[in-house]
1. What is the residue count in region 98-142 for residues that are touching a helix residue (DSSP H, G or I) at 6+ places or on another chain (Cβ under 7 Å) and at pLDDT below 95?
2. Is it the case that Gly156 is within 16 Å of the chain's Cα centre (by Cα), open to solvent by 10 Å² or more (accessible area, probe 1.4 Å), under 18 Å from Glu249 (Cα atoms) and without any contact (Cβ under 8 Å) to a residue 40 or more places away in the chain?
3. Report, by residue number, each residue of region 7-39 that is out of contact with any strand residue (DSSP E or B) (no Cβ under 8 Å at 6 or more places or on another chain), within 16 Å of the ligand (Cβ to nearest atom) and not in a helix (DSSP H, G or I).
4. Specify which of the listed residues (Pro210, Pro218) is open to solvent by less than 10 Å² (accessible area, probe 1.4 Å) and not polar (S, T, N, Q).
5. Among (1) under 12 Å from Ser7 (Cβ atoms); (2) open to solvent by less than 10 Å² (accessible area, probe 1.4 Å), there is one condition Arg18 misses while meeting the rest; what is its number?
6. Which of the residues belonging to region 118-156 are of a type outside the set (D, E, K, R), in a loop (DSSP other than H, G, I, E, B), over 15 Å from Lys170 (Cβ atoms) and away from the ligand (no atom under 16 Å from the Cβ)?
7. Name the pairs whose Cβ atoms lie under 9 Å apart, with the first residue in region 82-99 and under 18 Å from Gly149 (Cβ atoms), the second open to solvent by 50 Å² or more (accessible area, probe 1.4 Å) and within 12 Å of the ligand (Cβ to nearest atom), and 6 or more positions between them or separate chains?
8. What do you reckon, is Ile115 assigned to a loop (DSSP other than H, G, I, E, B), surrounded by 14 or more Cβ atoms within 10 Å (Cβ to Cβ) and more than 16 Å from the ligand (Cβ to nearest atom)?
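The values are calculated or read from the model by the stated rules, or taken from the named source; none is laboratory data. No experiment lies behind these values; they were computed from the predicted model shown. Please note: Cβ atoms are built from the backbone with ideal geometry, for glycine as well, and neighbour counts cover all protein chains shown. Surface areas here come from the heavy atoms of the whole protein model, side chains and all, with no ligands, DNA or RNA. Shrake-Rupley method; radii C 1.70, N 1.55, O 1.52, S 1.80 Å.
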Amino acid sequence: MYIDTHSHLFDSAFDLDRDLVIKECFNQNVGKLIVVGFDKETNKLALELCSKYANLYPTVGLHPTELSDYSDNFFVYLEDLIKDEKIVGIGECGLDYYWDDSKKDLQKEVFKKQIELSLKYDKPLIIHSRDAIADTLEVLKSVNKPIKGVMHGYSGSLEMAKEFVKLGLKLGIGGVLTFKNAKNVKEVVKELDLSNFVLETDCPYLTPTPYRGKRNAPYYIPLIAKEMADIKGIDIKEVEETTTKNANELFGGRLL
Ligand SMILES: [Zn+2]
């Protein structure tokens, strides 16, 4: 059984057939889905959706591109949510200088506060990093404590991947792995041990080949696993079992 560690199933792209999509995931052996919120609205949607299904698990957080939701009492609201045992992780959070690099300090502050909550409640971080990989590493290192989490949609260099792994983080590998020109992530998958990876779709975005350009969904996870197995020259069953074990360990038994 596979686990999709990063989906946005509350997205309006699924409004017409969400229940069918979820059923199809279970048919395709993708038995557990983590539904990742990223601002006030989507945190609420993730919680609502996951309350309807036994095998959907929500995370809540504040994405660096959604700082307009940030106010004095934001972290009172967020911590209240995180105390709930149904919440399995914190994020997406992190740094994004691609869309807006004018508020780097604020992004770092909001990221650090979510790292503190992760440590306080022992729930893993779902980390987004775009055009900000060096600063992301620096913020994580500055905490100076072992950190649990996943570098979501990892597509950086092998050298940086080793740094994140050293901190204790997993690397979230998605549909990009199946893209012909995705040299970095293919190298990372080839060179690092399978124990470092979890699978994810980031649906409805980043659909794997051969469905690139269409809506992504968690039932495409086996396509990513197949690519990983081919790159590493191992059986797909081993990818399935090990990435699921990695995800279960990362989420500290909360996915059971
Ligand atoms: Zn995402």
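1. 3
2. Numbers: within 16 Å of the chain's Cα centre (by Cα): yes; open to solvent by 10 Å² or more (accessible area, probe 1.4 Å): yes; under 18 Å from Glu249 (Cα atoms): no; without any contact (Cβ under 8 Å) to a residue 40 or more places away in the chain: yes.
So Gly156 does not fit the description; no.
3. Result: Asp39, single match.
4. Details: Pro210 fails: open to solvent by less than 10 Å² (accessible area, probe 1.4 Å).
Of the residues listed, the single one that is open to solvent by less than 10 Å² (accessible area, probe 1.4 Å) and not polar (S, T, N, Q) is Pro218.
5. Going through (1) under 12 Å from Ser7 (Cβ atoms); (2) open to solvent by less than 10 Å² (accessible area, probe 1.4 Å) one by one, Arg18 breaks only (2).
6. Applying the first criterion (of a type outside the set (D, E, K, R)) to region 118-156 yields 118-119, 121, 124-129, 132-134, 136-137, 139-140, 142-144, 146-147, 149-156.
This time we only want the ones that are in a loop (DSSP other than H, G, I, E, B), so: 124, 132, 143-144, 146-147, 152-156.
Those still in the list that are over 15 Å from Lys170 (Cβ atoms) too: 132, 143-144.
Hits for region 118-156 are Val143, Asn144.
7. If the second residue must be open to solvent by 50 Å² or more (accessible area, probe 1.4 Å) and within 12 Å of the ligand (Cβ to nearest atom), the pairs left are Gly94/Arg130; Leu95/Arg130; Asp96/Thr65; Asp96/Arg130.
8. On the way: assigned to a loop (DSSP other than H, G, I, E, B): no; surrounded by 14 or more Cβ atoms within 10 Å (Cβ to Cβ): yes; more than 16 Å from the ligand (Cβ to nearest atom): yes.
Spelling it out, it is not the case that Ile115 is assigned to a loop (DSSP other than H, G, I, E, B), surrounded by 14 or more Cβ atoms within 10 Å (Cβ to Cβ) and more than 16 Å from the ligand (Cβ to nearest atom).
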